[in-house]
Amino acid sequence: MGGPALPGPFTGPDAEALEDFTAEEFDVAAFEPGLLGPGLLGPLELVLVAGRFGWTLGKAYDRYAPFRCLGLDVTVDEPTGDEREIVPDWRDVIVLTARLTGRAPAVEGDVEADHVLLCSEETDLSEEEVMDRLRRYERLFKLILPTAIGGPRP
């Protein structure tokens, strides 16, 4: 059972991608308030949508970036290379959010070593595993990662 038809006609660079678009039930879920509902496809929203549906970042981007024809604000760069094949899980969402909640705000810019430590504690990943996850998303989130992690804990 498909969802509602999209309004048309479409114009712009994404018009062809939406011409034969058939909305599915998951598309309705993708536009819930906690995902794309606020009208934004940024890096965190891309990770949230891909993770929710068990999709790669590439598949989620290809599915929803063309919605900019309908007013979706697409602020994330298109995933390239290995980024396209990433299938996020709950630990990625924790690691990529500033408050470790899985909700905005996303981490951006300088990532402090303390963030890595807290993520390690929250996800049961080693600090190096947290860093590996952050490296996977470094370009999309425009992260500046710490050069040293670990060290004595208080």
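The values are calculated or read from the model by the stated rules, or taken from the named source; none is laboratory data. Bear in mind the structure is a predicted one, so any value in this text is a computation, not a measurement. Methodologically, a virtual Cβ is constructed for each residue, glycine included, from the backbone with ideal geometry; neighbour enumeration extends over all protein chains shown. What goes into the accessible areas is simple: the full protein's heavy atoms, side chains included, and nothing from ligands, DNA or RNA. Shrake-Rupley method; radii C 1.70, N 1.55, O 1.52, S 1.80 Å.
Miscellaneous remarks
- 3J(HN,Hα) along region 66-80: x, 5, 4, 4, 9, x, 5, 7, 9, 10, 8, 5, 5, x, 10 Hz, from the Karplus curve 6.51 cos²θ - 1.76 cosθ + 1.60 with θ = phi - 60°, whole Hz, x for Gly and Pro.
- For residue 106, nonlocal amide neighbours, meaning residues 5 or more places apart or on other chains whose placed amide H falls under 5 Å from its own, are 98.
- Probe 1.4 Å, protein heavy atoms only - accessible area per residue of the chain in square angstrom: 55 Å²
- Extension gain (nm, one decimal) between residue 82 and residue 24, 0.36 nm per residue minus Cα-Cα: 18.2 nm
- In the chain, the convex hull through the Cα atoms has an average projected area of 9.8 nm², a quarter of its surface area.
- Using a probe radius of 1.4 angstrom, the carbon and sulfur fraction of the accessible surface of the chain is 51%.
- Amide H contacts for residue 24 (H built 1.01 Å from N in the peptide plane; partners 5 or more residues away or on another chain; cut-off under 5 Å): 3.
- Cut-off under 5 Å, modelled amide H: who pairs with residue 74 long-range: 41
- Cα-centred dipole magnitude for region 7-154, charges only on beta-carbon of K, R (+1) and D, E (-1), debye, nearest 20: 260 debye
- Between residue 122 and residue 62, full extension at 0.36 nm per residue minus the direct alpha carbon distance yields a gain of 18.5 nm.
- The GluC sites (Glu not before Pro) found in region 54-118 that occupy coil by DSSP, while having at most 16 further C-beta atoms within 10 Å, are 108, 112.
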